[in-house]
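**Student:** Next up is a structure, given as structure tokens.
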Amino acid sequence: MHMLDRRNFLKALGAAAGASILSIPRGFAATAKARVVVIGGGFGGGSAARYLRLLDPGIDVTLIERGTLYTSCPLSNEVLSGSRAIESLQAGYGGLARRGVKVVHDEVAAIDPVKKSVSTAGGGEFGYDALIVSPGVDLNFAAIEGLSQEVAETRIPHAWKAGPQTLLLKKQIEALPDGGRVLISVPKAPFRCPPGPYERAAQIAMYCQQHGKKKAKILILDANDSFSKRPLFEEAWKALYGYGPNGMIEWVAGASGGGVERVDAGAMTCFGMLDDFRGDVINIIPPHRAGKIARDAGLATLKGNWCEVKPENMESKAQKDIYVIGDACVGGETATGNGFPKSAHMANSQAKAVAASLVAKFNGLPPPVPVYTNTCYSVVAHDWGFSVVHLFRVADGQWVYIKNGSGISPTSFGTKEKPQPVPRSYRKMEAEYADGWLRNLMADAFS
Ligand SMILES: Cc1cc2nc3c(=O)[nH]c(=O)nc-3n(C[C@H](O)[C@H](O)[C@H](O)COP(=O)(O)OP(=O)(O)OC[C@H]3O[C@@H](n4cnc5c(N)ncnc54)[C@H](O)[C@@H]3O)c2cc1C
């Protein structure tokens, strides 16, 4: 929807209905200025607020976000290797305010779906006609014995919400002795950014290789038995850093005892089902669930962890007029293993779907039919990147994975019989695209 302005959007919807826009009653908006409250100013919430104002400046949009400066997780692994300054990942909320979004910096404490209002820790109360909830994920420290928020902030950072912990982990990696060992613990899926831990291993390896730590070891302790873009990662790890028991990067699958159940921060040791692992640096990514506010409001209908929504507009299955987007929700073709990945691109796409749906509703127009998209880059060296694309459409009230439009970077060129290696220039281009992709996405969510 980059090029779509409000007039064209409304025109398009009017055309879809086979009627002139002027002949369609404005319904809701004719009687009152519609009020939308957005909880969470990350990729999901920021994009939703922005697109609501872009498509219909008549809508009253309030965004409530606890922080005043957002730090992008995408490409934050590059901060660990020193390839990128954390400031390049940060955005404030001035851009959204200039678009007429009322930005409130506060903690949302409760949602009252009957009164249709949200209240904040600071004593604010905000009524809504539609509520968009995009709080991201909470990290469940209690799932790993010995881990707590305090331990994560001081000794064993997760760095899975980019910010101070990213810088703490970077410092720890810089202090790693040559021959030292870094443990990365990956929780059971689903978790935010499925390829993220494996990209992280590569970025740390790149740092070690370039800073006199060639004997360092990066051990990935995984609760899962496979991972996103696995052939691409394994190819790159082998070629760049060495992979396996004798390489710099080694992966321990869940079936081989990779899942971490307990940690002793004093002894810097992780305990799994089958083995103990000592590390000089330990990066435990705890299991995830939807952000607390979504769970407290009863929106997390899937095992109390994740929020189920309707494919046509992301409306909560539990509460009318509440829409859940971003990492907190589940969607896609979960039965075939093609669920929505928890990604910034996906959150942005879902935000556009909700914004378009609400603008249509408030203007008495027919509901648009959304297409959901994801692109996710992984950068494993300055000059080596790859990506995956997912597309989904909605048919008969269900998400349908569009196989022909989706895809992943190739592991080889040529034919099946005569495979050719993918040229390094191709990988380099993808690493460069990743940077452009992020700059676009940040602008699309916060400018
Ligand atoms: C290392 C790493 C690499 C990644 N790489 C990629 C990538 O390459 N591509 C990609 O597409 N995605 C990537 N991701 C995933 C991406 O960061 C998330 O999917 C995305 O941030 C989800 O957006 P969101 O809006 O759901 O949540 P968030 O971006 O986390 O935003 C949620 C916001 O809500 C606020 N909030 C929560 N609760 C409250 C409350 N009660 N009151 C007020 N404010 C509240 C939080 O402060 C936060 O700002 C990566 C993630 C990691 C960790």
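We did not get these values from a lab; they are worked out from the coordinates using the rules stated. The model shown is predicted, which means the values in this text are computed figures rather than measured ones. Don't worry about glycine lacking a Cβ; one is built from the backbone with ideal geometry, like all the others, and counts go over all protein chains shown.
**Student:** Sorted from largest down, give the three principal axis spans of the alpha carbons of segment 194-282, whole angstrom values.
**Tutor:** 32, 29, 22
**Student:** Hey, how many Å between the Cα centroid of segment 202-229 and the Cα centroid of segment 337-402?
**Tutor:** Here the two parts' Cα centres lie 30 Å apart.
**Student:** Mind scanning 217/342; 188/217; 214/403 and naming the pairs with a C-alpha gap bigger than 32 Å? Spell out each step's value before the answer.
**Tutor:** Values: 217/342 28 Å; 188/217 23 Å; 214/403 41 Å.
The answer is 214/403.
**Student:** Continuing with the same structure: Residue 443 label point, 7 Å along Cα→Cβ, cut-off 18 Å on backbone N: hits in segment 346-373?
**Tutor:** It comes to 348-349, nothing else.
**Student:** I've got another one for you. Antiparallel DSSP bridges in the chain: what percent, to the nearest 5? Don't skip to the answer; put the middle values down first.
**Tutor:** On the way: 42 of 76 bridges.
Within the chain, antiparallel bridges account for around 55 percent of the total.
**Student:** So if each residue of separation counts as 0.36 nm, and I subtract the Cα-Cα distance between residue 400 and residue 320, what length gain in nm does that give?
**Tutor:** 26.4 nm
**Student:** Separate question: Please work out the C-alpha center-to-center distance from segment 119-177 to segment 91-105 and express it in whole Å.
**Tutor:** Centre-to-centre (Cα) distance: 23 Å.
**Student:** Quick one, can you get me the convex hull of the C-alpha atoms of segment 308-447 expressed as volume per residue in Å³?
**Tutor:** Values: hull volume 19.1 nm³, N = 140.
Roughly 136 Å³ of hull volume per residue.
**Student:** Three principal axis extents, largest first, for the C-alpha atoms of segment 262-353, in Å?
**Tutor:** 50, 27, 23
**Student:** In whole Hz, what ³J(HN,Hα) sequence does segment 172-179 give by Karplus (6.51, -1.76, 1.60; θ = phi - 60°), x for Gly and Pro?
**Tutor:** Values, residue by residue: 5, 5, 5, 8, 4, x, 5, x Hz.
**Student:** Taking the Cα-to-Cβ direction at residue 226 and at residue 97 and moving 7 Å from each Cα, how far apart do the two end points lie in nm?
**Tutor:** Here the answer is 4.9 nm between the modelled labels.
**Student:** Report the convex hull volume per residue for the chain, counting only C-alpha atoms, in Å³.
**Tutor:** Numbers: hull volume 67.4 nm³, N = 447.
Residue-normalised Cα hull volume stands at 151 Å³.
**Student:** Another question about this same structure. Report the full-extension gain for the segment residue 412 to residue 85: residue separation times 0.36 nm, less the Cα-Cα distance, to one decimal in nm.
**Tutor:** Values: separation 327, 0.36 × 327 = 117.72 nm, distance 3.29 nm.
Here the segment from residue 412 to residue 85 would lengthen by 114.4 nm.
**Student:** If the label point is 7 Å along Cα→Cβ of residue 302, which residues in segment 326-347 have backbone nitrogen under 15 Å from it?
**Tutor:** Under 15 Å, as judged by backbone N against the label point of residue 302, lie 326-343, 346-347 of segment 326-347.
**Student:** Now a separate question. Please list, in chain and number order, the residues 5+ apart from residue 422 or on another chain whose amide H is under 5 Å from its amide H, with Hs placed from the backbone.
**Tutor:** Excluding prolines and chain starts, which carry no amide H, the hits are 413.
**Student:** Kirkwood hydrodynamic radius, segment 370-447, all distinct C-alpha pairs: what's the number in Å? Don't skip to the end; give the middle numbers.
**Tutor:** Working: mean 1/r = 0.0692 Å⁻¹.
In segment 370-447 this quantity evaluates to 14.4 Å.
**Student:** When the helix-only estimate is applied to the chain (DSSP H runs of n ≥ 4, each -39,500 (n - 2.57), divided by the residue count), what is the mean residue ellipticity at 222 nm, nearest 500 deg cm²/dmol?
**Tutor:** On the way: 12 runs with 128 residues, N = 447.
It lands at -8500 deg cm²/dmol.
**Student:** Residue-wise, which Karplus ³J(HN,Hα) couplings in Hz belong to segment 100-117, taking 6.51 cos²θ - 1.76 cosθ + 1.60, θ = phi - 60°, and x for glycine or proline?
**Tutor:** x, 6, 7, 8, 10, 9, 6, 9, 6, 9, 7, 10, 10, x, 7, 6, 6, 8
**Student:** Sorted from largest to smallest, which semi-axis lengths in Å does the alpha carbon gyration tensor of segment 198-249 give for its equivalent ellipsoid, taking the root of 5 times each eigenvalue? It would help to have the intermediate numbers written out before the result.
**Tutor:** Details: eigenvalues 70, 25, 19 Å².
Each semi-axis is the square root of five times an eigenvalue, giving 19, 11, 10 Å.
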